[in-house]
Structure formats: C-alpha cells, structure tokens
Amino acid sequence: MLTLRVMQKHAREPATSIIELLGGVSAVAAMLEKDASTIRRWRMPRPEGTGGSIPDDDKLRLIERAKKIGVALSWADFAPPQIKHKGGRR
C-alpha cells in the first residue's frame, strides 16, 4: 500500500529533482526566461500544476543550458519515476 507522502512525492517528479539539480526555481526561470511561477507550477499536483512533468518545449533548452553550466542532464531524467508497491504486483 502506498502512503500519501510517497504518492505526493512522485506527483512532483521529475520536475522537483531537475529544478534542484539546476539551482532552484529562480535559476531555472532565468535559464528559460520564464516567470518563476511558471516553474513552480511544474512541481504542483494536477490540476493546479503539471503534476511534476516539464513541458516538452522546455526540455531541450534545459539540457542545453545544463551542459553549459557543467550539469549532466539527459532525456532519461525527464521520465516519470516508477512507483513501487509493497506486497507484490498490482
């Protein structure tokens, strides 16, 4: 059985990890020339936010900018996390 905390954490991924990796909301907003509130929405559960997904239009730009600052970021990093269930298969 999944706990609410585990489900909430997964609902904000991979956006939360990528934002942290790149220096936080303000840094990512500056990289993409977007308002910080737009970047914060990536970490919000649906329907208020994107549920942890990053819009496709921004992914390539983030990979390119990460490379310029020496951060390894790949397409695989944008994949949603796998949720592990206790007690076997579902």
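What follows draws every value from the coordinates through simple rules; no lab data is involved. Note that the coordinates shown come from a computational prediction; the quantities given were computed from them, not determined experimentally. Don't worry about glycine lacking a Cβ; one is built from the backbone with ideal geometry, like all the others, and counts go over all protein chains shown.
Quick notes on this one:
- Within the range 62-81, tally of residues that are under 12 Å from LEU22 (Cβ atoms), in contact (Cβ under 8 Å) with a residue 24 or more places away in the chain, surrounded by fewer than 16 Cβ atoms within 10 Å (Cβ to Cβ) and not hydrophobic (A, V, I, L, M, F, W, C): 0
- Restricting attention to the range 18-56, the residues being part of a helix (DSSP H, G or I), surrounded by 14 or more Cβ atoms within 10 Å (Cβ to Cβ) and either of a type in the set (S, T, N, Q) or touching a residue at least 40 places away in the same chain (Cβ under 8 Å) (or both) number 3.
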